[in-house]
1. Inside the stretch 1-79, counting only helices (runs of 4 or more DSSP H) that do not spill past its ends, which hold 1 or more residues that are under 28 Å from Ala102 (Cα atoms) and modelled with pLDDT of 90 or more?
2. Would you mind stating whether Asp190 is assigned by TED's automatic domain parsing to the domain that holds Leu89 and either outside any loop (DSSP other than H, G, I, E, B) or in contact (Cβ under 8 Å) with a residue 60 or more places away in the chain (or both)?
3. Search the stretch 198-241 for residues being touching a Ser or Thr at 6+ places or on another chain (Cβ under 9 Å) and hydroxyl-bearing (Ser, Thr, Tyr), and hand back the single one that is farthest from Ala168 (Cα to Cα).
4. Give the stretch 79-118 a look and list any residue that's over 28 Å from Gly224 (Cβ atoms) and either in contact with a Cys (Cβ under 9 Å, 6 or more places away or on another chain) or free of Cβ contacts under 8 Å to residues at least 60 places away in the same chain (or both), or say none.
5. Determine which member of the set Ala167, Ala128 is without any contact (Cβ under 8 Å) to a residue 12 or more places away in the chain, within 28 Å of Val38 (Cα to Cα), assigned to a helix (DSSP H, G or I) and over 15 Å from the mean Cα position of the chain (by Cα).
6. What number of residues within the stretch 147-177 are over 20 Å from Gly110 (Cβ atoms) and in contact with a Leu (Cβ under 9 Å, 6 or more places away or on another chain)?
Amino acid sequence: MTSPAATPAYRRLSVEERRTQLLGAALSLFAHRAPEDVSVDDVAEAAGVSRPLVYRYFPGGKQQLYEAALRSAADELELCFAEAQSGPLTRRLTRALDRYLAFVDEHDAGFSALLQGGSVAETSRTTAIVDEVRRAAAEQILVHLRVEQPGPRLRMMVRTWIAAVEAASLIWLDEDKQPALPELRDWLVDHLVALLTATAATDEQTAAVVRGALAHEPVEGPAGVLARRVIPVVSEAGHLL
């Protein structure tokens, strides 16, 4: 006679494990819906628990859940631009943007609602978290540029590029995720190279950064490809020289 299969023993989750489970369920929902379209009941159902249990761990309800989920997402976003300081600048930027854009792709609706603002869940705390991500991203880019004390023009240029990356990501989502991510990524890398070059024309610190970065770029790398595409275009403007 065959004995019935043993039923796995139930294990009560620890406080931290349960909180992580609820936060994971909330993150998944907020990734694909605007905050106002997610309820505590939705989180409870996604986690397979009761509504009162969600409130036991998050007494502030949906707002507290949203801020905790946002903090978790912000920590992940901040890591996107962290990269070992070896190899050409454009290669490092390519890897960083691959991670950033993959996050945007995975958290499409939530990312859009977060950066466009106007959500009923938006508060000074959520705004501060978003600003912290922007500052951290800018600092990481300055690390990649190997600049410890950036002047106002270089710092402004980097922050301008971070804003452009955000805007391009939102437009990409609005345009049904077109063009393909590799094309968007390469365009954003070109954008930074172009901004650096334009700023270098009037800022010696940026000029030194550009000279140092280009010295390590391979001929077939993004900077070399961009140069060969741009030179024929600007050569037709010889009358401006």
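The values are calculated or read from the model by the stated rules, or taken from the named source; none is laboratory data. Quick caveat: nothing in here was measured; it's all calculated off a predicted structure. Here the Cβ is made from the backbone with ideal geometry for all residues, glycine too, and neighbour counts use every protein chain on show.
1. Working: elements: 15-32, 40-47, 51-57.
Per the criteria, 15-32, 40-47.
2. Numbers: assigned by TED's automatic domain parsing to the domain that holds Leu89: yes; either outside any loop (DSSP other than H, G, I, E, B) or in contact (Cβ under 8 Å) with a residue 60 or more places away in the chain (or both): yes.
So Asp190 passes the test.
3. Thr206
4. Answer for the stretch 79-118, where residues must be over 28 Å from Gly224 (Cβ atoms) and either in contact with a Cys (Cβ under 9 Å, 6 or more places away or on another chain) or free of Cβ contacts under 8 Å to residues at least 60 places away in the same chain (or both): Leu79, Phe103, Leu114, Leu115, Gln116, Gly117, Gly118.
5. Working: Ala167 fails: over 15 Å from the mean Cα position of the chain (by Cα).
Going through Ala167, Ala128 in turn, just one is without any contact (Cβ under 8 Å) to a residue 12 or more places away in the chain, within 28 Å of Val38 (Cα to Cα), assigned to a helix (DSSP H, G or I) and over 15 Å from the mean Cα position of the chain (by Cα): Ala128.
6. First pass over the stretch 147-177, keeping only residues over 20 Å from Gly110 (Cβ atoms): 147-161, 164.
Subset that is in contact with a Leu (Cβ under 9 Å, 6 or more places away or on another chain): 147-148, 150, 154-155, 157-158, 160-161, 164.
Total meeting the criteria: 10.
Residue-by-condition table, conditions (1) assigned to a helix (DSSP H, G or I); (2) touching a Phe, Trp or Tyr at 6+ places or on another chain (Cβ under 8 Å); (3) in contact (Cβ under 8 Å) with a residue 60 or more places away in the chain:
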{"residue": "Ala213", "(1), (2), (3)": "yes, no, yes"}
{"residue": "His216", "(1), (2), (3)": "no, no, yes"}
{"residue": "Leu226", "(1), (2), (3)": "yes, no, no"}
{"residue": "Val230", "(1), (2), (3)": "yes, no, no"}
